[in-house]
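One structure is given here, and the rest of the page talks about it.
The values are calculated or read from the model by the stated rules, or taken from the named source; none is laboratory data. What you see is a predicted model, and the numbers here were worked out from it, not measured in a lab. Positions of Cβ are backbone-derived with ideal geometry, glycine not excepted, and every protein chain shown enters the neighbour counts.
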Amino acid sequence: MKRFIGFIKKEFYHIFRDRRSLFILFGMPIAQIMLFGFAITNEINNVDIAILDHSKDATTEEIINKISASKYFSIHQFMDREADVETIFKKGKVKAVLNFEKDFSKKLIRDHKATIQIITDATDPNTANTISNYVNAILIQYQKDWNKDITIAYQIIPRTRMVYNPELKSVYMFVPGVMTIILMLVSAMMTSISITKEKELGTMEILLVSPIKPIQVIVGKVFPYIFLSVINAIVIVVLSIFIFKMPVQGSLFLLAMESILFIISALALGILISTISATQQTAMMISLMGLMLPVILLSGFIFPISSMPLPLQMISNIIPAKWFIIIIKGIMLKGVGLQYLWKETLILVGMTIFFIALSVKKYKIRLE
Amino acid sequence: MNNNNVIEAQNLTKMFGDFTAVSAISFEVKKGEIFGFLGANGAGKTTAMKMLIGISKPTAGKASVAGFDVYKQAEDIKKNIGYMSQKFALYDDLTVKENIMFFGGIYGVSRKRIKEKTAILIEELGLEEVANQLVGALPLGWKQKLSFSVSLIHDPKIVFLDEPTGGVDPITRRQFWEMIYKAANQGTTVFVTTHYMDEAEYCDRVSIMVNGKIEALDTPKKLKQQFNVTNMNDVFLKLARG
């Protein structure tokens, strides 16, 4: 036991004396959560639009006022000629043009219909889509106000309610994802690098010749990272609660336990990577390509799994991060307990056991 | 087993698939002896040594180190030997003192004893001024000497040195050998691989491995007589060329 404590002390010296690993351990989580929380967002705010108003009558003015009053749009300029639309998009600042047809009010009253053309810059399809939806929503609202004294015989009124994230804040989606990425990065990449470092330096050989047992070496190497990952998880949760007002509806204890489970599975992956790579560079490349990319692309963090082609959907099932994201979203946003998450938890437990068994086996083969 | 022998090997063999890295070697090393284990690169020295220090299982044959069987008692062997590899293997990001403490610790040396040892060691090596500096900042020669001292921290019966003087200057090599003599005089058996033939002259007995077999084993003096040459270099060349 005394040997083991000495070993862990040494491991902390390594970590705290290396600026690079310190940055990855503590700078990265904070930087990432801030970045995703503030900068990267798929909500739209103050999008610059241009108005091409061929009528300039009372109705169009009212509509334009409504649009410019919303926080989503700001009117960048008023245009006169249809031909300028192309130039204005090419300049890049304006993302949408609203084109009111001639005699808008008159047509509306006489024919009961008038047209607004919404032209959007679809170089970014998501934003274009969102803009057109928002404009539509404002128009529908305006139309309703206009018609409020008239009753239509048959009417279907959709009442949408967005549960668990009524304001559709994207930070609710990013926090679970970032937490997953950070825990994966710290646990798997950092441990695989720190173990291969010993191999590369030749100190691993010295350790294996010493009376300290191989299992003690490995546990001693990963233990500090369990500790640091837990601290990271706490930092992320605290930041998201206090800065981004992310709710934690469910039990904090369950969240902590599930996080530790995920950390252990990531550590096992890290050990596995270290057994198959000879140098720190290889370990880092394998961790980045083999772990980070799938976590970002296939875990459902950014791209919804249900809209992926079937083969990718199947692959996503073997990615531990997918299950962990489901679990933390469930706990934080829906406030559900183990009775709803037991399946995902069990899958994660199974994967962890599998990874540990595999890395122990690989590690033994390597010793021969 | 002869009480005077601390290492005994009989027909010790290691195969990797079809390739025989070490082919039925037999030898013994006496207590307090400096035993030179020579051979060209790839002759099987390191593989043979790995079997003796308990990190590689032999394919066939028998061997015991410090009275323990290499098959069944590898853990006991590990407690009784010191090892220094050809790669410099202390931690660059730990100080001189921290390295000594750490390695003393994993060999289970008591804290009190480590403190005493550290003081003696630092004084002997003249490292007083850099004791609290990171090892990475030391010159290679100092690192090698420190590394050797660290491999003796738990007073092992046998110390295995795998090409310990690779890449250091002649003066440091000389000092290094003085340290080896000192350890041997205090009763530690030294098992050393090298391919510097002048170093072979310093050994009590040498064995020369060619293609996985021990082709010669005797004192440097007798080997020179046997091959009718004036130095070990020529002995080696004659053997290696077959």
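From the list A:Gly290, A:Gly270, A:Gly300, which one is under 21 Å from A:Ile347 (Cβ atoms), in contact (Cβ under 8 Å) with a residue 12 or more places away in the chain and in a loop (DSSP other than H, G, I, E, B)? Spell out how you get there, then give the answer.
Numbers: A:Gly290 fails: in a loop (DSSP other than H, G, I, E, B); A:Gly270 fails: in a loop (DSSP other than H, G, I, E, B).
So the residue among A:Gly290, A:Gly270, A:Gly300 that is under 21 Å from A:Ile347 (Cβ atoms), in contact (Cβ under 8 Å) with a residue 12 or more places away in the chain and in a loop (DSSP other than H, G, I, E, B) is A:Gly300.
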- Task: Scan the range A:98-108 and give yes if some residue there is surrounded by 12 or more Cβ atoms within 10 Å (Cβ to Cβ) and on the phi > 0 side of the Ramachandran plot, otherwise no.
- Result: yes
- Six or more apart or on different chains, Cβ under 7 Å: which pairs go from a residue in the range A:1-28 that's touching a residue at least 24 places away in the same chain (Cβ under 8 Å) and crowded, with 17+ Cβ neighbours inside 10 Å to one that's small (Gly, Ala, Ser) and not in a helix (DSSP H, G or I)? Could you list them? A:Arg3/B:Gly108
- Task: Scan the range A:67-92 for residues that are surrounded by 10 or more Cβ atoms within 10 Å (Cβ to Cβ), part of a loop (DSSP other than H, G, I, E, B), free of Cβ contacts under 8 Å to residues at least 60 places away in the same chain and small (Gly, Ala, Ser) and jot them down.
- Result: A:Gly92
- Are any residues in the range A:316-343 in a helix (DSSP H, G or I) and more than 19 Å from the chain's Cα centre (by Cα), and if so, which ones? A:Leu338, A:Gln339, A:Tyr340, A:Leu341, A:Trp342, A:Lys343
- With the checklist (1) over 15 Å from the mean Cα position of the chain (by Cα); (2) farther than 25 Å from B:Val65 by Cβ in hand, flag the one item B:Leu223 doesn't pass. (2)
- Give the range A:307-322 a look and list any residue that's more than 18 Å from A:Met289 (Cβ to Cβ) and either among the aliphatic types (A, V, I, L, M) or modelled with pLDDT of 95 or more (or both), or say none. A:Met308, A:Leu310, A:Met314
- Message: Here is a check on your reading of the model: is A:Ile5 within 30 Å of A:Tyr142 (Cα to Cα) and among the hydrophobic types (A, V, I, L, M, F, W, C)?
- Response: no
- Here are some residues: A:Gly337, A:Gly350. Which one is exposed (fewer than 15 other Cβ atoms within 10 Å of the Cβ), more than 30 Å from A:Leu201 (Cβ to Cβ) and either in contact (Cβ under 8 Å) with a residue 60 or more places away in the chain or aromatic (Phe, Trp, Tyr) (or both)? A:Gly337
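Within the range A:67-90, count every residue that is of a type in the set (D, E, K, R) and within 20 Å of A:Asn129 (Cα to Cα). Walk me through how you get there before you give the answer.
Within the range A:67-90, the subset of a type in the set (D, E, K, R) is A:71, A:80-82, A:84, A:86, A:90.
When the remaining residues are screened for being within 20 Å of A:Asn129 (Cα to Cα), the result is A:71, A:86, A:90.
Total satisfying the criteria: 3.
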- Task: Could you tell me whether A:Ile118 is in a helix (DSSP H, G or I) and either over 28 Å from the mean Cα position of the chain (by Cα) or closer than 23 Å to A:Asn45 by Cα (or both)?
- Result: no
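Only one of A:Lys322, A:Lys362 is surrounded by 14 or more Cβ atoms within 10 Å (Cβ to Cβ), out of contact with any His (no Cβ under 9 Å at 6 or more places or on another chain), more than 17 Å from A:Ile263 (Cα to Cα) and in the same structural domain as A:Leu297 (by TED's automatic domain parsing). Can you tell me which?
Values: A:Lys322 fails: more than 17 Å from A:Ile263 (Cα to Cα).
Going through A:Lys322, A:Lys362 in turn, just one is surrounded by 14 or more Cβ atoms within 10 Å (Cβ to Cβ), out of contact with any His (no Cβ under 9 Å at 6 or more places or on another chain), more than 17 Å from A:Ile263 (Cα to Cα) and in the same structural domain as A:Leu297 (by TED's automatic domain parsing): A:Lys362.
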- Message: Kindly evaluate A:Leu267 against the criterion of being over 22 Å from A:Gln339 (Cα atoms) and out of contact with any His (no Cβ under 6 Å at 6 or more places or on another chain).
- Response: yes
- Task: Could you tell me which residue of the range A:133-151 is farthest from A:Ala69 (Cα to Cα), considering only residues that are exposed (fewer than 11 other Cβ atoms within 10 Å of the Cβ) and at pLDDT below 85?
- Result: A:Thr151
- Message: Quick check on this structure: which one of B:Glu33, B:Glu28 is under 13 Å from the mean Cα position of the chain (by Cα) and either farther than 29 Å from B:Glu201 by Cα or among the acidic types (Asp, Glu) (or both)?
- Response: B:Glu33
- Item | Selected residue (only one of A:Gly92, A:Gly27 is more than 14 Å from every other protein chain (Cβ to nearest Cβ), on the phi > 0 side of the Ramachandran plot and not β-branched (Val, Ile, Thr)) | A:Gly92
- Note on the structure: Filter the range A:122-132 for residues that are assigned to a helix (DSSP H, G or I) and of a type in the set (A, V, I, L, M, F, W, C); the one that is surrounded by the most Cβ atoms within 10 Å (Cβ to Cβ) is A:Ile131
- Enumerate the pairs (first residue in the range A:200-212 and more than 7 Å from chain B (Cβ to nearest Cβ); second residue anywhere and outside any helix (DSSP H, G or I)) with beta-carbon separation below 8 Å, excluding pairs fewer than 6 apart on the same chain, so at least 6 apart or on different chains. A:Glu200/A:Ala278; A:Glu200/A:Thr279
- Which number in (1) surrounded by 18 or more Cβ atoms within 10 Å (Cβ to Cβ); (2) within 28 Å of B:Thr20 (Cβ to Cβ) marks the one condition that B:Leu237 misses? (1)
- Selected residue (only one of A:Val171, A:Val163, A:Val186 is more than 30 Å from A:Val360 (Cα to Cα) and in contact (Cβ under 8 Å) with a residue 12 or more places away in the chain): A:Val171
- Message: Exactly one condition in (1) without any contact (Cβ under 8 Å) to a residue 12 or more places away in the chain; (2) more than 39 Å from the chain's Cα centre (by Cα) is false for A:Asn133; which is it?
- Response: (2)
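Could you go through the range B:122-129 and let me know if any residue there is more than 21 Å from the chain's Cα centre (by Cα), closer than 23 Å to B:Ala184 by Cα and surrounded by 17 or more Cβ atoms within 10 Å (Cβ to Cβ).
Yes - at least one qualifying residue is present in the range B:122-129.
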- Message: Which condition from (1) in a strand (DSSP E or B); (2) within 14 Å of chain A (Cβ to nearest Cβ); (3) aromatic (Phe, Trp, Tyr) is the one that B:Phe35 breaks?
- Response: (2)
- Kindly indicate whether A:Tyr154 is surrounded by fewer than 19 Cβ atoms within 10 Å (Cβ to Cβ), away from chain B (no Cβ under 14 Å) and either more than 34 Å from the chain's Cα centre (by Cα) or in contact (Cβ under 8 Å) with a residue 40 or more places away in the chain (or both). yes
- Message: Among (1) within 9 Å of chain A (Cβ to nearest Cβ); (2) in contact (Cβ under 8 Å) with a residue 60 or more places away in the chain, there is one condition B:Ile106 misses while meeting the rest; what is its number?
- Response: (2)
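Report whether or not B:Thr165 is over 21 Å from B:Ile77 (Cβ atoms) and buried (at least 22 other Cβ atoms within 10 Å of the Cβ). Outline the logic, then answer.
Values: over 21 Å from B:Ile77 (Cβ atoms): yes; buried (at least 22 other Cβ atoms within 10 Å of the Cβ): yes.
The answer is yes for B:Thr165.
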- Message: I'm trying to understand the selection: among the residues of the range B:70-92, which are surrounded by fewer than 18 Cβ atoms within 10 Å (Cβ to Cβ) and within 7 Å of another protein chain (Cβ to nearest Cβ)?
- Response: B:Glu75, B:Lys79, B:Lys87
- Note on the structure: Note on A:Asn46: of the conditions (1) modelled with pLDDT of 90 or more; (2) in contact with a strand residue (DSSP E or B) (Cβ under 6 Å, 6 or more places away or on another chain), unmet is (1)
